[in-house]
């Protein structure tokens, strides 16, 4: 074999034994290698492991892509569905206040004078009712639930209605402002905990839709 | 990101063959070292090939303090140590009790008798005992006595001080001597 070195002085008897024995092993192996040299049939596998690694990386990337793309597609579908189900502006006519939902009047602590209530928002379609059950719950304050006697009768509402909503476009404006409020609320929730928020695909889709509609400050979902 | 991957892959494909080409002249010597430990030509060939590839991949971590050859020697010794450990674990599962002990002292249990390298009985015992050493002791014994590396070369490869190398070597020798004695080698045979 090449690069043979000058012998090193043995330090003790065992050291000398090891030198002698390993020299014997080396020469025995050299003889064996000379008689039966290694064939090196297998070419040095430089390419296959690299390729294998590339396949691994490619499949990993594909899996990641699928894992990201599928929920995104679902969200997109949901958004489109929501947009389709949104009523056209013509449906937001002024007289769409449903008569079966009387506006409850809350009374003050003494029960004397009715507290001024903000004008009732128009619910244009049944779909929007489904989407915001919580918002609807919020508008019905607990005080009103406790004081059913103060609920005005249907004629009262009809007579007061023109005074409260003078313009025809007012319910639509209310709807817009309500949605803007909802956008702010959802945005704050999203900023507080984006990871959990993303898990709720419905709310995520809603926020995306509201951002598309009303956001002018260039807020974007990460 | 794509650029980064492309750069990495092209770097690897460009540099691995270069580094391996520099090591190719040592392939026979590495084969001898692998054969001494594994005692099976096919396993030794595979081990050398695998180690050259591994060294090519790790080329960036090579430091010029030691020579490329001594650096690969260390990788090969540890690779063979791992292979033997895996093989022993496998054979321990297959073979039980006395048969295991008998086969472990005579030859590498995974090989057929005709495949095993022909060594004298004492040399076989010595290599068995070396294979029974801990990884750190095994590499230092093989570097010093099989590869005849100087203390300085060993210190450079293992990134240790000269004093540490000497003390570790004397510990390794002591452990090796005890293992040989435990195998029934007489004290007078050990020099």
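The values are calculated or read from the model by the stated rules, or taken from the named source; none is laboratory data. Values in this document were obtained by computation on a predicted structure and should not be read as measured data. Positions of Cβ are backbone-derived with ideal geometry, glycine not excepted, and every protein chain shown enters the neighbour counts.
If you filter the range B:175-185 down to residues that are more than 12 Å from every other protein chain (Cβ to nearest Cβ) and either within 20 Å of residue A:24 (Cβ to Cβ) or touching a strand residue (DSSP E or B) at 6+ places or on another chain (Cβ under 8 Å) (or both), you find that the one that is surrounded by the fewest Cβ atoms within 10 Å (Cβ to Cβ) is B:184.
For the range B:67-88, residues that are without any contact (Cβ under 8 Å) to a residue 12 or more places away in the chain and within 12 Å of the chain's Cα centre (by Cα) total 2. Those helices (runs of 4 or more DSSP H) of the range B:22-106 in which 3 or more residues are modelled with pLDDT of 80 or more, more than 24 Å from residue A:28 (Cα to Cα) and within 11 Å of chain A (Cβ to nearest Cβ) occupy B:41-57.
Conditions tested, residue by residue: (1) at pLDDT below 75; (2) facing chain B (nearest Cβ under 7 Å); (3) closer than 21 Å to residue B:25 by Cβ.
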| position | (1), (2), (3) |
| --- | --- |
| A:12 | no, no, no |
| A:19 | no, yes, no |
| A:34 | no, no, yes |
| A:43 | yes, no, yes |
| A:59 | no, no, no |
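Residues being surrounded by 14 or more Cβ atoms within 10 Å (Cβ to Cβ), more than 10 Å from chain A (Cβ to nearest Cβ) and either under 16 Å from residue A:12 (Cα atoms) or modelled with pLDDT under 90 (or both) are represented in the range B:112-129 by at least one member. Candidates in the range B:151-174 are the residues that are surrounded by fewer than 19 Cβ atoms within 10 Å (Cβ to Cβ) and within 12 Å of chain A (Cβ to nearest Cβ); of these, the one that is farthest from residue A:14 (Cα to Cα) is B:152.
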